[in-house]
Structure formats: C-alpha cells, structure tokens
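> Below you will find the structure I want to go over with you.
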C-alpha cells in the first residue's frame, strides 16, 4: 500500500481510510506526513522510514481491531442463537417453576396439615391445663376457706382466753389493791400509835427535865 520514490520524494496517492464512529471517515496521507517531517528538520530518508513504520504499526493495530470485530451477519446469527438459548432457558425455567411450585404446594399442604394438628394438640393442652387449673383453684379455695374458719375459731378461742386472763388479772389487781389498802391502813395506825408514844415519851422527858430543874432551883435558893 506504500510506495516510496527515492528520486523526487513522490509517494503514490493511494490512501488508506479508517472508519470511526458513525459515517465519518479519517484519511491517513503519507506524503503530507513526510513533507511535515521534512519541514521540521528531518531528512527525506528519515521521514520516509518514520512514516513507513507508522503505517505498519497502524495496519497491525487495525488488523487486531478487525479480528475482534464481527460482521452484521455474524452478529445476527449470534443474536438468533442467543435468543434461542434464552427461549430454551425460559422454557426450562417455566418447567422448573411449575415443578417447584407443585413441590412447594405439596409441602405447603403438608405444613398446613401439621400446623392444624399442632393447633389441635395445643388447644387440647390448653383445655386440659384450664380444667386442671380450675380444679386446683377450687381445691385451693376450699383449703383457704377451711384455714380461714380454723383461724377464726383459734382467734375466738384466743379472745376468750384473753378475756378470761383479763378478768383473772382484774381480780388479782383488785385483791392486791385491797391488800395494799389494808396494809397501808395498818401502817397508818402503827404510825399514829408510834407518834402518840413518841409524844408521850417527849412529854415525860420534858416533865422530868422540868422536875429536875425545879429541884436544882430549890436547892440553890
């Protein structure tokens, strides 16, 4: 695709076009590029070698790019194959979903039956516990009533005993008060008699002293 002339530096006007995005095309002008290198100080041989290398590199890169690309027909064939595989996968998924749905429905029915049986067992247990609790409550209520009656009898007996003890204590206190009053009266009488004896003793002593004094007085006169 590239022809070099050593005499007049004339390149063959055959251009390689490269397609970009859309319908826009880019052109690679080797002669213009050689002239550009020469204007910037390169020799003709250097410019031609550089351009030749750039062309080979570009062609190699484009070959690699085109190898990875596919044609429209190949793309349509591949798309049809993918759509066919997707359709088969959808069918398989539908069949699988139906089979899984049937299995899930059967499992759900089984679970519902087990739940119903469990619910019935729980209800039976609740009724049994409620009956036992009611019976225990009635028994406990009767026992509490008996204990209450027993406590009432014991309390009445204790009240009777306390009344009897209070009466006995009152009688003992009354007797003690009477005894104390009698002893106090006796002590008062004893004190009065002792008081009279002391007065008599004092009076006798006074009279004796007076008599002795009068005797001494008469003696001295």
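> Please give the number of the condition residue 10 fails out of (1) exposed (fewer than 14 other Cβ atoms within 10 Å of the Cβ); (2) modelled with pLDDT of 55 or more.
Result: residue 10 passes all but (2).
> On to the next question. Of all residues in region 34-48 being exposed (fewer than 13 other Cβ atoms within 10 Å of the Cβ) and on the phi < 0 side of the Ramachandran plot, which is nearest to the chain's Cα centre (by Cα)?
Going through the qualifying residues, I end up with 40.
> Can you confirm whether region 61-72 contains a residue that is at pLDDT 80 or above and in a helix (DSSP H, G or I)?
For region 61-72, residues at pLDDT 80 or above and in a helix (DSSP H, G or I): absent.
The values are calculated or read from the model by the stated rules, or taken from the named source; none is laboratory data. Fair warning: this is a prediction, and the values are worked out from it, not measured in the lab. As a convention, Cβ positions derive from the backbone with ideal geometry for all residues, glycine included, and neighbour counts pool all protein chains shown.
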